[in-house]
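S.K.: Quick one: the structure is below, and I'll ask about it shortly.
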Amino acid sequence: MKSLFLHLKPPFPVLFHIILSSCFIHFRAVLCNNTEWYTSCTNLFNCGGITGVDYPFWGGDRPQECGHAGLELTCENDIPTIEIMDVKYRVLEIDPNNQILRIKRQDFSINDICPENFINTTLDSNLFEFSSGYVNLTIQYGCPPLNIHVPAQLICQINRITYQNCYIIPGAQGPGTCRASIFFPIPSTAFGGISQELSLLGQVIERGFEVRWKMDSTLCNECRNSSGSCGFDLKSNRFTCLCPGNQPSGYYGCVTVSAYSELGVVGGNGAALVFRRNKFLFVHGFD
């Protein structure tokens with residue numbers, strides 16, 4: 001932990017005590033909030049077959065301070081879901097060790113690949129990346145009729161509109177001469193079979209696809225090793241370590257107050273003031 005120590009003798013004892021008193025009032029409020037968040041963030045997200053989920057995710061009994069803002073999990077009728085770039089996905093599996101999320105689009109089913117809204121599957125590149133082994137597949141809806149036999153085609157009734165001549169093509173494509181289109185990832189080994197037998201597409205969609213979240217787990221592991229609970233500072237938009245009892249929370253992990261000072265610690269806004277007799281220390285790295 002990087003620290004900057006300033007040793008000063010207060011020139012104005014009265015003013016110093018006023019500042020000290022006001023700081024302790026603020027610090028008590030900070031500790032109260034930290035203790036509340038620490039307790040809440042020890043809760044785990046459980047829904048259907050997905051259980052024991054913690055940082056960097058939040059949702060359910062875990063308030064927003066317990067995970068990254070873009071990683072909210074919801075539970076609807078025992079079905080865990082997550083929304084990514086305006087598309088809702090069912091969560092099929094979470095692998096925290098490899099930071100892998102396996103998901104499938106909620107607007108597709110094994111027997112229905114006619115979504116109400118034509119929104120492509122894309123990721124927030126700051127949070128996710130596709131796992132290897134996937135390629136994009138495009139469905140084009142309402143295309144001009146072709147004069148050749150195309151095995152992979154379908155008809156969709158969407159919002160009372162009939163889309164004739166719907167085709168699947170490889171890659172991430174736009175509608176072209178068709179009325180609409182949508183693309184999403186499938187295993188690279190699956191396209192050959194789908195192009196010959198469209199009924200296989202529903203089965204492939206049901207198995208979902210994998211994405212990897214990019215949050216660095218190093219700080220969270222250090223936090224847990226110091227008996228802290230991993231959280232997220234909404235003001236500074238960064239990781240924070242939430243600490244139990246009368247310990248100030250911060251970026252680097254939990255350290256007991258007694259380890260710093262015989263008198264007390266004043267914390268908040270990314271720093272902690274540690275008072276010892278008539279001097280004080282400024283310790284960088286606490287929230």
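The values are calculated or read from the model by the stated rules, or taken from the named source; none is laboratory data. Quick caveat: nothing in here was measured; it's all calculated off a predicted structure. Positions of Cβ are backbone-derived with ideal geometry, glycine not excepted, and every protein chain shown enters the neighbour counts. These area figures cover heavy atoms from the full protein model, side chains too; ligands, DNA and RNA do not enter into them. Shrake-Rupley method; radii C 1.70, N 1.55, O 1.52, S 1.80 Å.
S.K.: Can you tell me which residues in the range 43-90 are polar (S, T, N, Q) and part of a strand (DSSP E or B)?
M.R.: Scanning the range 43-90 gives Asn46, Thr51, Thr74, Thr81.
S.K.: Can you pull out the residues in the range 200-216 that are modelled with pLDDT of 90 or more and open to solvent by less than 40 Å² (accessible area, probe 1.4 Å)?
M.R.: Residues satisfying the conditions are Val204, Ile205, Gly208, Phe209, Val211, Trp213.
S.K.: Then there's this: Quick one: what pairs do we get from the range 172-198, first residue within 15 Å of Asn120 (Cβ to Cβ) and in contact (Cβ under 8 Å) with a residue 60 or more places away in the chain, second open to solvent by 50 Å² or more (accessible area, probe 1.4 Å) and among the hydroxyl-bearing types (Ser, Thr, Tyr), C-beta under 8 Å, 6+ apart or different chains?
M.R.: Matching pairs, first to second residue: Pro185/Tyr134.
S.K.: Among the numbered criteria (1) among the β-branched types (Val, Ile, Thr); (2) open to solvent by 30 Å² or more (accessible area, probe 1.4 Å); (3) modelled with pLDDT of 95 or more; (4) within 20 Å of the chain's Cα centre (by Cα), which one does Thr42 miss?
M.R.: (3)
S.K.: Turning to a different aspect of this structure: Identify the single condition in (1) open to solvent by 30 Å² or more (accessible area, probe 1.4 Å); (2) farther than 15 Å from Gln106 by Cβ that Met85 does not satisfy, given that it satisfies every other one.
M.R.: Tallying (1) open to solvent by 30 Å² or more (accessible area, probe 1.4 Å); (2) farther than 15 Å from Gln106 by Cβ, Met85 fails exactly one: (2).
S.K.: Among the residues of the range 69-78, which ones are at pLDDT below 95 and within 26 Å of Ser249 (Cα to Cα)?
M.R.: Ala69, Gly70, listed by residue number.
S.K.: Only one of these is more than 27 Å from Asp54 (Cβ to Cβ) and open to solvent by 70 Å² or more (accessible area, probe 1.4 Å): Glu116, Glu93, Glu129. Name it.
M.R.: Of Glu116, Glu93, Glu129, the one residue that is more than 27 Å from Asp54 (Cβ to Cβ) and open to solvent by 70 Å² or more (accessible area, probe 1.4 Å) is Glu116.
S.K.: Just to be sure, is Leu219 modelled with pLDDT under 90, among the aliphatic types (A, V, I, L, M), open to solvent by less than 80 Å² (accessible area, probe 1.4 Å) and outside any loop (DSSP other than H, G, I, E, B)?
M.R.: It is false that Leu219 is modelled with pLDDT under 90, among the aliphatic types (A, V, I, L, M), open to solvent by less than 80 Å² (accessible area, probe 1.4 Å) and outside any loop (DSSP other than H, G, I, E, B).
S.K.: Condition first: more than 31 Å from the chain's Cα centre (by Cα), on the phi < 0 side of the Ramachandran plot and part of a loop (DSSP other than H, G, I, E, B). Can you find one or more residues in the range 193-209 that meet it?
M.R.: Looking for residues that are more than 31 Å from the chain's Cα centre (by Cα), on the phi < 0 side of the Ramachandran plot and part of a loop (DSSP other than H, G, I, E, B), one finds at least one in the range 193-209, hence yes.
S.K.: Given the criteria touching a Pro at 6+ places or on another chain (Cβ under 9 Å), among the aliphatic types (A, V, I, L, M) and assigned to a strand (DSSP E or B), does Ile168 qualify?
M.R.: Answer is no for this residue.
S.K.: Moving to a separate point now. Please work out if Gly67 is surrounded by fewer than 22 Cβ atoms within 10 Å (Cβ to Cβ), of a type in the set (Gly, Ala, Ser) and farther than 14 Å from Val211 by Cβ.
M.R.: no
S.K.: Looking at Gly174, Gly192, which is the one that is of a type outside the set (A, V, I, L, M) and in contact with a Ser or Thr (Cβ under 8 Å, 6 or more places away or on another chain)?
M.R.: Gly174
S.K.: Return a yes/no flag: does the range 174-181 have any residue that is basic (Lys, Arg), farther than 22 Å from Pro115 by Cα and surrounded by 12 or more Cβ atoms within 10 Å (Cβ to Cβ).
M.R.: no
S.K.: Another one. Within the range 182-192, take every residue that is in a strand (DSSP E or B) and touching a Phe, Trp or Tyr at 6+ places or on another chain (Cβ under 7 Å) and give me the one that is surrounded by the most Cβ atoms within 10 Å (Cβ to Cβ).
M.R.: Ranking the candidates gives Ile182 first.
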